[in-house]
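What follows is a single structure, written as structure tokens, with notes after it.
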Amino acid sequence: MRDDLEQQEQVDALRGFWRDHRRRILGLFILVAASVASYQGFQAWQSSRAETATRLLERMETALRAEKLDEAEANGLLLIKDYSTTTHAALAGLRMAKAHVAAGAPEKALPLLAHAAKSDDKGLAWIAKVRAAAVLMDLSRFPEALTQLDGRPPASALGMVEDRRGDVLVLMQRWDEARAAWEAAQKAMLSEADGSRSAELVARKLASLDAFAQTGQ
């Protein structure tokens, strides 16, 4: 009998607690459910965006292989416009820029490389900057090319950045600065697991630097 009374008291206590706090509890349940639904919706939206961006990138690549530059550009520009913050957009910019350079339209490559250089992926961003410097070199816009290489690249990109800096400085006939840049490039490349071949190419540039300086070419 005593046990029955204790159980009844517990039930009454629970009923009282529910009566006093049910609005707060229901509100909490609704908030949690809404948060879960919102998170799941965001995840689905993100997944859908990634799938669409991937399809556009694939269409662009397919058109480039078929040498349909206009079709490739339409897909690439749509990708950059609607999915500008994605890695897909940066890759599209790099690939389309390369196609424009190959087609003899380097000026069209520069805005694409400028967009890719804003990527959150620092590796891709610095590849874009190095390629932009190369395009500007070909256009004989050497100070602008050098400006592209300003900043602090990640260790993985340091070798290629200093190598390109040396290339620009040689064309500007700034021999001592070019030597310093190539020496820095060589040191960075030798510290990389697969950088020995690149370091060898830089070594050849260093070996020929005195000849460049003497001839002024």
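Kindly give the semi-axes, whole Å and largest first, of the ellipsoid equivalent to segment 152-217, taking each as the square root of 5 times a Cα gyration tensor eigenvalue.
Working through the eigenvalues yields semi-axes of 21, 12, 7 Å.
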Q | For segment 70-193, fraction of C-alpha pairs farther apart than 20 Å, in % | A | 45 percent
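Which entries of LYS98/LYS122; LYS68/LYS98; LYS81/LYS122; LYS98/LYS129; LYS68/LYS129; LYS122/LYS205 show an alpha-carbon separation above 22 angstrom in the structure shown?
Values: LYS98/LYS122 19 Å; LYS68/LYS98 14 Å; LYS81/LYS122 20 Å; LYS98/LYS129 13 Å; LYS68/LYS129 26 Å; LYS122/LYS205 27 Å.
Table pairs above 22 Å Cα-Cα are LYS68/LYS129; LYS122/LYS205.
We did not get these values from a lab; they are worked out from the coordinates using the rules stated. Computed from a predicted structure; not experimentally measured.
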